[in-house]
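**Student:** Sharing a structure here in structure tokens format.
Each value in this text was obtained by applying a stated rule to the coordinates, not by laboratory testing. Note that this is a predicted model, so its numbers are computed, not measured. Note that each Cβ is placed from the backbone with ideal geometry, even for glycine, and that neighbours are counted across all protein chains shown.
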Amino acid sequence: MYGPQVTLRDLSLLMMELDSNLSFDAAYDQVTDLLSQHPDGDSGEVRAMLEFEMVDALMEAEVRDEEDLIIEGMIRATRHGIIKPEEIPQEMADKVANRMQFQEEYAAESQPKNYMVHADIARIVNSAHRLERLQSMFSDYDEWFKSQLSVTANTLDSLADYLEDQESFIMGEIREQDESEYRRQMMSAETSKKPVGNFPKPAPFKGISYRTLLL
């Protein structure tokens, strides 16, 4: 495949492997454009050089994909507490930390405003279920564990109290608005005029004029 035997079709297929979104025609156009930009033009040697670089790029991409899988596996293991950050091999530690930071920043930008609140509460509920399940396995606990548990319980209790206070305040405002609207509607109904229609005037009393009645 190397040397003068390299065809435009070979190079176009390699280009499609590098970019899976390209059609054959689009890949062919890119190959011919690259060849035309070379000072020596489209020659067997230039095609062989381009092929070598494209194959090298493909091999590098495969290595990078394998490394990405390893990094993602370490990130998931870290987030689930399977491994600690300090247990990650030194040559991968910075890459894992940078990828985690990028994912968190991207998630913060792309998610709704309060998505972390819902995610954290879900984590708390899940952790509570795990603690409830595991407590039957132990008859004694370290002082550090008991201390941390008490602090966490107090913090969660305070957070729940805070939201309940906010709930009471919001419900009070809603009731006040409802009562104000009810009073406004009642006052409007009491002060509104009766509708006037084209009713016929009553006939005057016999022998008595309207003027007499008004005097």
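**Student:** When the Cα atoms of segment 1-110 are enclosed in a convex hull and the volume is divided per residue, what value in Å³ results? All intermediate terms of the calculation are to be shown ahead of the outcome.
**Tutor:** Working: hull volume 16.9 nm³, N = 110.
In segment 1-110, the Cα hull volume divided by residue count equals 154 Å³.
**Student:** Here's something else I'd like to know. List the residues whose amide H sits under 5 Å from the amide H of I83, counting only those 5 or more places along or on another chain, with H placed 1.01 Å from N in the peptide plane.
**Tutor:** For I83, whose amide H was placed from the backbone, the distant partners under 5 Å are T78.
**Student:** Work out from phi, with θ = phi - 60° and the Karplus expression 6.51 cos²θ - 1.76 cosθ + 1.60, the ³J(HN,Hα) of each residue of segment 5-10, listed in order in whole Hz, and give x for Gly and Pro.
**Tutor:** After applying 6.51 cos²θ - 1.76 cosθ + 1.60, I find 6, 5, 9, 4, 5, 4 Hz.
**Student:** How much FRET efficiency would the formula 1/(1 + (r/R0)^6) give for D33 and A57, where r is the Cβ-Cβ distance and R0 is 22 Å, rounded to 0.05? Mind dumping the intermediate values first?
**Tutor:** Working: r = 17 Å, r/R0 = 0.76.
Calculated value: 0.85.
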